[in-house]
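Worksheet: one structure, shown below.
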There are 2 protein chains.
Amino acid sequence: MTDREKPIGVFDSGVGGLTVAREIMRNIPKERIVYFGDTARVPYGGKSKETILRYSRQIVRFLRSQEVKAIVIACNTASAFALEELSAENDIPVIGVVKSGAKVACATTKNNRVGVIGTRGTISSGLYTELIQEINPQIEVIGKACPLFCPLVEENWRNDDPITKEVTERYLGELREKDIDTLILGCTHYPLIRSIIGQVMGEQVTLVNPAYETACQLRALLQDLHLSNNQPLQKDEQPHRFYVSDAAESFSEFANSILPFEIRDAKKIPIEEY
Amino acid sequence: MTDREKPIGVFDSGVGGLTVAREIMRNIPKERIVYFGDTARVPYGGKSKETILRYSRQIVRFLRSQEVKAIVIACNTASAFALEELSAENDIPVIGVVKSGAKVACATTKNNRVGVIGTRGTISSGLYTELIQEINPQIEVIGKACPLFCPLVEENWRNDDPITKEVTERYLGELREKDIDTLILGCTHYPLIRSIIGQVMGEQVTLVNPAYETACQLRALLQDLHLSNNQPLQKDEQPHRFYVSDAAESFSEFANSILPFEIRDAKKIPIEEY
């Protein structure tokens, strides 16, 4: 296998990062993916930097054993806490959702008022605020934790659901009064209720989907490094592989609800041994 | 310190077990409590028996280092997977929520139709079903997973909340048609929305709160073993101590929303070293 044909490693604390894998499949369809979801140790939000770094290093060791050519950190928490270290420690490119999302939000806002929605862990850590203000200290970042969005998405109560609509209105009501013109979907699950979030926020607010932005950044990076796969994937090939640390069944169920093909066998591996 | 004055060890995968600690405080107010919440490794539901047993043994070693006179497993999953082993391995009494809840449900039902609500992990494992049918194989157990209840409770959208009401109606609608006369609140968070669950199910259904039943079982057990504390707690004493494995702040926040006194300092300890 040439370097160009090697897969992309994508990891997340659980199922949410599949929205990032999905954007990679859509936007760079010739690339193979090895996905790892740390379903035994989910959620990462709320855990310390030290713990997240230890977990992320184990996962990177596993992904490298699968001969990946680049690594995408699809988890917001791991992306914020471990991107710098993992980049420095590895001789293959490592990118993360938070930085991709923050960059695009900075380029998008015209009134320098950016909203971020995410899990309680993501919002209280201020990780998007920090990255955005490193790029442009003039930008004011308004965060709002929406802890119910993930379980609503996992319950498959998505865009047309009246309960999800009501929860969205309650969460975003106060954000609407803050005069933001850009809103970052700061959790990997949120693109799956993107249209309801867009309806509630109104047309004047641009939604930034870090999953999509990360796929675009990855495509550009692979081109720059001459690592893009040029060969179309074979029809009879199963180009993507899925691994988890626990309970493979419920992972496959969620995956099948959002991916355009059926995952039959997410494989469980003992991640603590890596 | 005499044996009678020693504290009760209570543990859970996270914050939920505080409802069990609260019932102990209410029903056996002279007892001291050492609480451990495994917030770094929450949730336990979905993890394998082997993993849960390893975690539970570490926690018991920690609690015993605090010289507890008895141990209460407040976590449904740990209670189902580890009670037998922990009881056999320790020379102090060990009791768990699942067994206490199952026993009382069996004694309560008249038509031999018992409902159980809990997390996806608790329901799919069938742990209540197994214990109930060991006691009385005639009883039919109807389980229903309610994954949104925990985040709703943690969001503090409790009994009077219209969204919580709507979610409860959707989850319990199908249970209402199953002709059950007894419903087990099979997750430590659910007693905090007990009244809304009761309203939706109607008066003909008796709710069983395993947290309360466990406190009653503990009181009887301490009396039998002559281990009840007879001395009233001192006014200036801080009788209860709280430990966690990660992120002590968010633990204290939830604790303060349900306990009748303020916890200032949940202490973080390295549980993996025990």
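What follows draws every value from the coordinates through simple rules; no lab data is involved. As the structure is a prediction and not an experimental result, all values here were calculated from the model. Cβ atoms come from the backbone with ideal geometry, glycine included; neighbour counts cover every protein chain shown.
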Subject >> Nearest beta-carbon to the B/A symmetry axis - residue in chain B, distance in Å >> reply: B:151, 3
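Would you mind working out the magnitude of the charge dipole of the protein assembly as shown relative to its Cα centre, with +1 at each Lys and Arg C-beta and -1 at each Asp and Glu C-beta, to the nearest 20 Debye? Don't jump to the answer; show the numbers that get you there.
Numbers: 64 positive and 74 negative charges, 49 e Å.
Dipole about the Cα centre, nearest 20: 240 debye.
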Original post:
Taking only pairs that are 8 or more places apart or on different chains, how many Lys pairs in the stretch A:1-144 have Cα atoms under 21 angstrom apart?
Top reply: 11
Original post:
Using helices alone, what [θ] at 222 nm do you get for chain B, with -39,500 (n - 2.57) per DSSP H run of 4 or more residues, divided over all residues and rounded to the nearest 500?
Top reply: -13500 deg cm²/dmol
**OP:** Under 1.5 on a/c is rounded, so check that first for the stretch A:105-229, then, if it is not, pick prolate when a/b is larger than b/c and oblate when it is not; a ≥ b ≥ c are the square roots of the alpha carbon gyration tensor eigenvalues.
**Re:** oblate
Original post:
Say a label goes 7 Å from Cα toward Cβ at residue A:91 in every copy; what distances in nm does this one have to the rest, shortest first?
Top reply: 5.8
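Could you give the semi-axes, largest first, of the ellipsoid that matches chain A, computed as the square roots of 5 times the alpha carbon gyration tensor eigenvalues and rounded to whole Å?
Semi-axis lengths for chain A are 29, 21, 18 Å.
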Original post:
Dipole size in debye (nearest 20) for chain A around its Cα centre, Lys and Arg Cβ +1, Asp and Glu Cβ -1?
Top reply: 260 debye
Subject >> Cα long-axis angle, helix B:76-89 against chain B (0 to 90 degrees, to the nearest 10) >> reply: 40 degrees
Subject >> Helix A:49-65 vs. chain A, principal-axis angle (Cα, 0 to 90°, nearest 10) >> reply: 40 degrees
Original post:
Label-point separation (nm) for residue A:204 and residue B:26, each offset 7 Å from Cα along Cα-to-Cβ?
Top reply: 4.8 nm
Original post:
Which of B:115, B:258, B:242 sits farthest toward the positive end of the charge dipole of chain B, with +1 on the Cβ of Lys and Arg and -1 on the Cβ of Asp and Glu?
Top reply: B:242
Subject >> Long-range amide H partners of residue A:243 with built H, under 5 Å >> reply: A:35, A:36, A:37, A:267
**OP:** List the distances, in nm and shortest first, from the label point of residue B:272 to the matching label points in every other copy, placing each point 7 Å from Cα along the Cα-to-Cβ direction.
**Re:** 0.8
**OP:** Would you mind pulling out the separation of the Cα centroids of the stretch B:100-163 and the stretch B:32-48, in Å?
**Re:** 19 Å
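Please report, in debye to the nearest 20, how large the charge dipole of the stretch A:1-56 is about its Cα centre when each Lys and Arg carries +1 at its beta carbon and each Asp and Glu carries -1 there.
Rounded to the nearest 20 debye, it is 20 debye.
How much net charge surrounds residue B:32 when only the other residues with a Cβ under 12 Å from the Cβ of residue B:32 are counted, with Lys and Arg +1 and Asp and Glu -1?
Numbers: positive: B:4, B:6, B:30, B:69, B:241; negative: B:5, B:31, B:67, B:237.
Combined, the nearby Lys, Arg, Asp and Glu give +1.
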**OP:** For residue A:48, go 7 angstrom from Cα along the Cα-to-Cβ vector, then report the distances to that same point in the other copies in nm, smallest first.
**Re:** 2.8
